[in-house]
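Below is one structure, written out as structure tokens; the observations come after it.
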Amino acid sequence: MEVFLLVFLAIIAGRAMAGGEPMLETVDVFASHAELLGVAGSASEGSVTGRQLERRPLLRPAEVLEAVPGLIVSQHSGDGKANQYYLRGFNLDHGTDFATWLMGMPVNMPTHAHGQGYTDLNFLIPELVSTVRYRKGPYHADEGDFSAAGAVHIDYRRSLPEGFVQVEAGPHQYTRLLATGSRPLAEGGPVLLGAAEVAYNNGPWVEHENLRKLNAVLRLSAGTASNGWSATAMAYQSAWTATDQVPRRAVEAGLIDRFGSLDPTSGGKTRRASLSAEWASTDAAGQSRASAYFIDYRLDLFSNFTYALDNPVRGDQFEQADRRQTLGAAGSRTWFAGWAGRPVELTLGSQFRHDHIGQVGLFLTEARQRYGTVRDDRVEQSSLGLFSEARVQWLDALRTTLGVRADQYRFDVDSDILANSGQAAALIVAPKLGVVLGPWRRTEFYANYGHGFHSNDARGTTIRVNPDVRSADYGGAVARVRPLARARGAEVGLRSAPVAGWLTSLVLWRLDIASELLFVGDAGITEASRPSRRQGVEWSNSWMPLAGVTVDADVAVSSARFRDADAAGRHIPGAIGRVASLGAVLDAGGRYFGGLRVRYFGSRPLIEDNSVRSASSTLTNLKVGYRADRHITLSLEVLNLFNRQLSDIDYYYESQLKTETAPVADLHSHPSEPRSLRLAVRMAL
């Protein structure tokens, strides 16, 4: 199958070089949902502009991603740690199977100390976002690792209509200062944009979060995203005290408050610095793109989820340390051509990434002081992806997309335990196919099929013995994992604009994963999960009944099951089943504006037999604003408007309090924050 696809694409490439006109209008990433008719390759892809995001109330920066229909962003620890993500029947943990990019840089971290695909977006500045472009499913040849459930590409603005200083304040000593502006270096020349952010927050927690965040962006650019270039420098650092999820029994017994902690020294510190560049050129013959990036990153994370289960005397706190530099580049060329009188677009591209991980370690700690080592490794990990995609307009109402992607991975692990050192390599080839019918009466129908994958932690590909000194099987043989886990997905759907101002899409989808092989970072060993199937339906709507008024409504229902028979049960713990959101924005350009969002997060199974489930939750957030004059804007966010006592996240597992003599299986929850008000004053410069 893969050989056939490569040969077919090579034939089309030969025809395409003969020249021709573009099949479709070139669409910038700033396209609105309305412009995707006649352009999109699937019913589940879309884009949201910065203008649409401006009136959304946000508790955390990563909640920008909730603009993706059906996606939930939550937190089970301190706000300096990566968020938890849910989409399409997945508890994505901190990012596995959902690829996230910012200005051409990958955010997911492979072979990370705290979890494969770790996606920390706390350095995101929402006010700078120009567009969020999303795709779901493994149907796109230019999407590689971690994109089985979906992918999102975020871009920052290249210029601002005016600079501004914004000051925010709220309860629990929440304060935030943002200053940003842009100006051309010369008349008609490149534009320099700069932004600096300082934030502090204690949160509602009994143990003050003491979150300190510093963030800066400097971007030099010319032209547009489809015909221009940019170079960006970013720097971010954060430190915090975390209140992790706590057992229900401790709260019910009055041992701790609902917002209390069983380990006041949990928390962490992190920093990230990057340099990146992007270039694009578009003309009648085609489009060329290139990008490159360098990222320096470190994390020290202290967690305690089981309290006194492993060590009743010193406690179960552990540290996960990550030190790395990441270097990468990508390039592609699209030819607008003709083949036997039919418009064709052919794309050839490549992506390269290398992670030099100077340390990825797991240590036993007490009050953030190390007293033991589970494992301490150094890893070199490289990947090269090559892809090709051909889009052919066979008839006025029929176009197809045929693609193939090949990824080569190499892992080199230098472990403190010699038996767990070694090298591994893997190659995976993934075909893609899409068919679009229409439009008829502003309605298009889509069918998509494709293979995808996620990489597994490099340490799991070379492991031989259990390194966990806390385990009864310490030193015992451990099975290795396959370096790459394949996924296979399909969907059918439609996208329609049935009446003026109303856009709607409906999708039926399925995704199979042969084996959800994971490296358990908290234990330092690998764990092979069972083959799984996820399937569901999504319905997304956007409606503009009046000028300056937008209403959106999304519903997603999914089923996640293991495909094999096992006495434990077939339900996948933590898998999301039902999600719904309703939002309204009012901004006609006058003095007043506002935004309201209601989010429903459905109940999830917490163990395989479905006998324990999390509660569902509904959160409502509000943002209202007033433009005092051309220079001063006031806004107020009311988060958790109705002050509901809910959980951000729930788990079910065994833990042991210091007052207990045996482990207890219990529900462990991280509460949603209570109602809080945040007042912001923006002063134009």
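The values are calculated or read from the model by the stated rules, or taken from the named source; none is laboratory data. Bear in mind the structure is a predicted one, so any value in this text is a computation, not a measurement. A quick note on method: Cβ atoms are made from the backbone with ideal geometry, for glycine too, and the neighbour counts reach across all protein chains shown.
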Next item on the list: Return yes or no: is PHE453 touching an Asp or Glu at 6+ places or on another chain (Cβ under 8 Å), closer than 24 Å to TYR139 by Cα and either crowded, with 17+ Cβ neighbours inside 10 Å or among the aliphatic types (A, V, I, L, M) (or both)?
Entry: yes
Margin query: When the residues of the stretch 55-77 are narrowed to those that are within 23 Å of LEU622 (Cα to Cα) and of a type in the set (Gly, Ala, Ser), which ends up surrounded by the most Cβ atoms within 10 Å (Cβ to Cβ)?
Written below: GLY70
Next item on the list: Give THR618, THR633 a once-over and let me know the one that is assigned to a strand (DSSP E or B) and surrounded by fewer than 18 Cβ atoms within 10 Å (Cβ to Cβ).
Entry: THR618
Notebook entry, point to check: Within the stretch 435-473, which residues are under 23 Å from VAL392 (Cβ atoms) and hydrophobic (A, V, I, L, M, F, W, C)?
Noted result: VAL435, VAL436, LEU437, TRP440, PHE445, ALA447
Next item on the list: Kindly indicate which of ARG60, ARG51, ARG56 is under 30 Å from GLY170 (Cβ atoms) and at pLDDT below 90.
Entry: ARG51
Item checked: Subset of the stretch 110-137 [over 26 Å from ASN201 (Cα atoms), not small (Gly, Ala, Ser) and not in a loop (DSSP other than H, G, I, E, B)] -> THR131, VAL132, ARG133, TYR134, ARG135, LYS136
Check: Out of (1) out of contact with any Ser or Thr (no Cβ under 8 Å at 6 or more places or on another chain); (2) not in a loop (DSSP other than H, G, I, E, B), the odd one out for GLY475 is which?
Finding: (2)
Next item on the list: Can you confirm whether the stretch 594-611 contains a residue that is touching a strand residue (DSSP E or B) at 6+ places or on another chain (Cβ under 8 Å), of a type outside the set (Asp, Glu) and more than 30 Å from SER669 (Cβ to Cβ)?
Entry: yes
Next item on the list: With the condition kept exactly as written, say whether any residue in the stretch 74-84 is aliphatic (A, V, I, L, M), outside any loop (DSSP other than H, G, I, E, B) and within 17 Å of the chain's Cα centre (by Cα).
Entry: no
Notebook entry, point to check: Restricted to the stretch 241-290, and to residues that are in contact with a Phe, Trp or Tyr (Cβ under 6 Å, 6 or more places away or on another chain), among the aliphatic types (A, V, I, L, M) and not in a loop (DSSP other than H, G, I, E, B), which residue is surrounded by the most Cβ atoms within 10 Å (Cβ to Cβ)?
Noted result: ALA290
Next item on the list: Would you mind telling me which numbered condition in (1) more than 30 Å from LEU667 (Cβ to Cβ); (2) of a type in the set (S, T, N, Q); (3) surrounded by 24 or more Cβ atoms within 10 Å (Cβ to Cβ); (4) touching a helix residue (DSSP H, G or I) at 6+ places or on another chain (Cβ under 8 Å) GLN52 fails?
Entry: (3)
Next item on the list: Mind telling me which of the residues ALA426, ALA419, ALA406, ALA430 ends up being in contact with a His (Cβ under 8 Å, 6 or more places away or on another chain) and closer than 25 Å to HIS112 by Cβ?
Entry: ALA430
Note to self: I'd like to verify a number: residues in the stretch 52-88 that are out of contact with any strand residue (DSSP E or B) (no Cβ under 8 Å at 6 or more places or on another chain) and within 17 Å of ASN108 (Cα to Cα), how many?
What the structure shows: 1
Notebook entry, point to check: strands (runs of 3 or more DSSP E) wholly in the stretch 540-607 with at least 3 residues that are touching an Asp or Glu at 6+ places or on another chain (Cβ under 9 Å), among the hydrophobic types (A, V, I, L, M, F, W, C) and at negative phi - which ones?
Noted result: 549-562, 578-586
Notebook entry, point to check: Which number in (1) within 29 Å of GLN166 (Cβ to Cβ); (2) more than 11 Å from the chain's Cα centre (by Cα) marks the one condition that GLN116 misses?
Noted result: (1)
Notebook entry, point to check: Among the listed residues VAL612, VAL598, VAL579, which satisfies the condition of being surrounded by fewer than 20 Cβ atoms within 10 Å (Cβ to Cβ), at pLDDT 95 or above and within 22 Å of GLU66 (Cα to Cα)?
Noted result: VAL598
